[in-house]
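Peer 1: Take this structure first; my questions come after.
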Amino acid sequence: MAETREYQGLIVAHCPKCGSYTTFFSKEPAKHFFCRDCKEQIPLNGVPTPLISTCECGNRIRGVTNSDEDKFQFNCRCGYPNSVGYSERKNVYYGMR
């Protein structure tokens with residue numbers, strides 16, 4: 001089992017049970033999150049991966065994720081979907097246009 005880590009700031013959390021993404025901001029270090037779709041408490045395992053994107057609304061998104069997928073989509077606070085892809089060379093998720 002992977003070690004539980006503390007995540008802080010903007011977190012785009014992937015639920016391994018239902019596959020959905022929950023986006024939230026945490027001022028305090030978080031070791032788990034509650035999935036908005038399946039309502040399960042999910043531990044944040046592994047080292048957080050940085051995420052950088054810019055939404056169509058102009059919002060610059062800088063946060064972390066627990067995802068291990070090559071590409072995924074999450075909603076900005078304005079509700080617009082953002083797609084990001086993983087750069088293995090830099091170990092960062094970048095916004096895709």
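The values are calculated or read from the model by the stated rules, or taken from the named source; none is laboratory data. Note that the structure is predicted; figures quoted are calculated from it, not measured. Virtual Cβ from ideal backbone geometry, glycine too; neighbours counted across all protein chains shown. Just so you know, the surface numbers come from the protein's heavy atoms only, side chains and all, with ligands and any DNA or RNA stripped out. Shrake-Rupley method; radii C 1.70, N 1.55, O 1.52, S 1.80 Å.
Peer 1: Would you mind working out the accessible area per residue for the chain, using a 1.4 Å probe, and quoting it in Å²?
Peer 2: Per residue, the chain has an accessible area of 64 Å².
Peer 1: Compute the normalised compactness of the chain: alpha-carbon radius of gyration over 2.2 N^0.38 Å, N being the residue count.
Peer 2: So the Cα radius of gyration is 1.01 times the expected 2.2 N^0.38 Å.
Peer 1: Given +1 on the Cβ of Lys and Arg, -1 on the Cβ of Asp and Glu, and no further charges, what dipole in debye does the chain carry about its Cα centre, rounded to the nearest 20?
Peer 2: Approximately 280 debye in magnitude.
Peer 1: Please arrange R89, R62, R5 by accessible surface area, largest first, computed with a 1.4 Å probe and ligands excluded.
Peer 2: R89, R62, R5
Peer 1: Can I ask one more? Stretch K27-K71 to full length: gain in nm at 0.36 nm per residue minus the Cα-Cα span?
Peer 2: Here the segment from K27 to K71 would lengthen by 13.2 nm.
Peer 1: List the lysines whose Cα lies under 25 Å from the Cα of K39, skipping any in the same chain that are fewer than 8 positions away.
Peer 2: Result set, ordered by chain and number: K17, K27, K31, K71.
Peer 1: Over the chain, with every protein chain in place, what whole percent of the accessible area is carbon and sulfur at 1.4 Å, could you tell me? Show your work: numbers first, answer last.
Peer 2: On the way: 2870 of 6230 Å².
The computed percentage sits at 46.
Peer 1: To the nearest Å, what is the center-to-center distance of segment 44-97 and segment 1-40, using C-alpha atoms only?
Peer 2: Taking the Cα centre of segment 1-40 as reference, the centre of segment 44-97 is 14 Å away.
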